[in-house]
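So the structure is just underneath, and the comments pick up after that.
Values in this text are rule-based calculations from the coordinates and carry no lab data. Just so you know, these numbers come straight off a predicted model, no measurement behind them. Methodologically, a virtual Cβ is constructed for each residue, glycine included, from the backbone with ideal geometry; neighbour enumeration extends over all protein chains shown.
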Amino acid sequence: MTTTAESAPLPADVQAVRDAYARLREEIRKVIVGQDEVVTQMLMSIFCRGHAVVVGVPGLAKTLLISTIARSLNLQFSRIQFTPDLMPADITGTEVIQEDRTTGQRELRFVKGPIFANVILADEVNRTPPKTQAALLEAMQERQVTVGGVRHGLPTPFFVLATQNPIEQEGTYPLPEAQLDRFMFQIQIGYPTLEEETEIVRRQSARGLADVQPVLDLSSITRIQDVVRNMPVAPNVIAYALRLVRATRIKEPMDAGVVRPEKVKDYLAWGAGPRASEFLLLGAKCAALLAGSPTVTPDHIRQIAKPVFRHRLLLNFNAEADQITTDHIVDDLLKGIPVEGISGGDKKKLDEVLR
């Protein structure tokens, strides 16, 4: 990874990303009231070529928000309602026997399932059995599905935006850690404010759904993704992201000169893996661009720390007893881990890796 000034994005590129983001927000606001942070995090995951899982109680417009984003991006949208009886073939597609009327010869033909779209809404993804969850895992990681031993590539771009209901757990199949780790963000969506809910009710009683206009096309989305990926990150910012992630691994020794925060020691059973480091830096790049900054700072790391860590930290029984959540752990982590604190020896090792 290069960190020279010459590789920094051009001011025109930064402005183009900000303009596209502003236009998207305006279109989404035609339908969605409030939830600014949720919308921003969803768009960030798309700009980073990542997936996101949205957690919230029923009735908070999770489905409407995701479908509105798909319309504003002019992408093919597919909604899959996950249920306990859903089979892998129901989402990936299946092979059917087709007869040629002229020759009478029969052959197998693959019929694509709803997973073959650009934006996939995996509604209540934790309600389907592990066998079907595994089929979705291949699509998320490999951007392909395998049916009858044949691999079928998925459209580009491809995003899975999944939803979960945190209240009702009866008849659910919690996603395995390996699949949760594939999601870039876990986004928490909460109740609207009084003013927002008043506007929601007013809109629903006054008129139908607003007409959302496409803002970006496929090539524009790809260009934004390339700008995000190619943005340089200074070694001190990389070091800070690594300190945060490595501090959560309670069974591993701490880096020299860094003290593990108390809540991390007391309430964590398992820490975050290398994907957390990758997504922290990638998300920080996007956060910097959306803020109009040509450089990534530790503040951008801190901005997206919670959605990156939420589903990657495994709490112990003490945390459940004391009503401690992963957000509490992240708050303590950000408070206790120094922004500047890498030792001379560790800095030399990091510089050698980045060279």
Using 0.36 nm per residue, how much length does the chain from T156 to N316 gain when fully extended, once their Cα-Cα distance is taken away? 53.7 nm
Amide H to amide H under 5 Å from V147: which residues, 5+ apart in sequence or cross-chain, H placed 1.01 Å off N in plane? H152
At 222 nm, what value in deg cm²/dmol follows for the chain if DSSP H runs of at least 4 each add -39500 (n - 2.57) and the sum is divided by all its residues, to the nearest 500? -13500 deg cm²/dmol
Lys, Arg +1 and Asp, Glu -1 on Cβ, resulting dipole of the chain about Cα centre, debye, nearest 20: 580 debye
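In debye, nearest 20: dipole of the stretch 233-354 around its Cα centre with unit charges on the Cβ of K, R (+) and D, E (-)? Could you put the intermediate results ahead of the total?
Numbers: 17 positive and 15 negative charges, 48 e Å.
Its charge dipole is roughly 240 debye.
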Report the dimensions of the stretch 233-354 along its three principal axes from the alpha-carbon atoms, largest first, rounded to Å. 44, 34, 21
Would you list, by chain and number, the aspartates and glutamates whose Cα falls below 12 Å from the Cα of K112, excluding same-chain residues fewer than 8 positions away? D90, E95
Of T94, T63, T132, the one that fluctuates the most in a GNM where the chain has Cα springs shorter than 10 Å: T94
